[in-house]
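*Asks:* Supplied in structure tokens, the structure appears directly below.
Every number here is computed from the coordinates shown, using simple stated rules; none is lab data. Nothing here was measured: the structure is a model prediction, and the numbers come from that model. Cβ: placed from backbone, ideal geometry, glycine included. Neighbour counts: every protein chain shown.
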Amino acid sequence: MKALIQRVRHASVTVDGRETGAIDHGLLALVGVEKGDEAPQVERLLHKLLHYRVFGDADGKMNCNLQQVDGGLLLVSQFTLAADTRKGLRPSFSSAAPPAEGERLFELLVTRARDAWPRVATGEFGADMQVALVNDGPVTFLLESH
């Protein structure tokens, strides 16, 4: 699994004109599920999402994690993160998990995240989503659970 995370001051997801999820200060995580991913990758990615130190401490150094700053976590499925872009001028999605498998693992991530942290919001798997955000920094990292 991969997650492109962005430290945000605010982020929201809209589907068909209705807001499906929003957070204030926290992390927006665009999540891609790859072939071969299973529950252990979900657990590793969740651990990183909750514990990755990307928030400033009293000295402004990135020493605090999402839980230490009491931030929100917005999880948005994005199969394009699994694209192979090494060749040519068009992405290949052969490494992405099939839709049913991707949805199962994304929903497992959402469930486990909600069990572990009270401020979790989501987009809608497979939907045409509009994501709005105010990137804080900007601070953006690609996390991988392999």
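*Asks:* Can you tell me which of Lys87, Lys35, Lys48 moves the most in a GNM of the chain? Springs connect C-alpha atoms under 10 Å apart.
*Replies:* Of Lys87, Lys35, Lys48, the most mobile in the Gaussian network model is Lys87.
*Asks:* Let me ask something else about it. Taking the 0 to 90 degree range and rounding to the nearest ten, how far is the long axis of helix 39-51 tilted relative to the main principal axis of the chain, both from C-alpha atoms?
*Replies:* 30 degrees
*Asks:* Which one, Leu75, Cys64, Gly21, projects farthest toward the positive side of the charge dipole computed for the range 2-130 from Cβ point charges (K/R +1, D/E -1)?
*Replies:* Comparing the listed Cα positions along the dipole, Cys64 ranks first.
*Asks:* Just want the ordering: Phe106, Phe79, Phe93, from fewest to most Cβ atoms lying within 10 Å of their own Cβ.
*Replies:* Working: Phe106 26, Phe79 20, Phe93 11.
Ranked by crowding around the Cβ, least crowded first: Phe93, Phe79, Phe106.
*Asks:* Right, here's the next one. For the chain, what mean projected area does the convex hull of the alpha carbons give, in nm²? Mind dumping the intermediate values first?
*Replies:* Details: hull surface 35.8 nm².
Average of the hull's projected areas for the chain equals 9.0 nm².
*Asks:* Another one. Test of understanding: what is the full-extension gain from Gln130 to His47, defined as 0.36 nm times their sequence separation minus their Cα-Cα distance? Before the final figure, lay out each step's value.
*Replies:* Details: separation 83, 0.36 × 83 = 29.88 nm, distance 2.65 nm.
Length gained, Gln130 through His47: 27.2 nm.
*Asks:* Would you look at the GNM of the chain, springs on alpha carbons closer than 10 Å, and say which of Ala113, Ala83, Ala97 moves the most?
*Replies:* Among Ala113, Ala83, Ala97, the largest GNM mean-square fluctuation belongs to Ala83.
*Asks:* In nm, to one decimal, how far is the modelled label at Lys61 from the one at Val139, with both set 7 Å along Cα→Cβ?
*Replies:* Placing both labels 7 Å along Cα→Cβ, they lie 1.4 nm apart.
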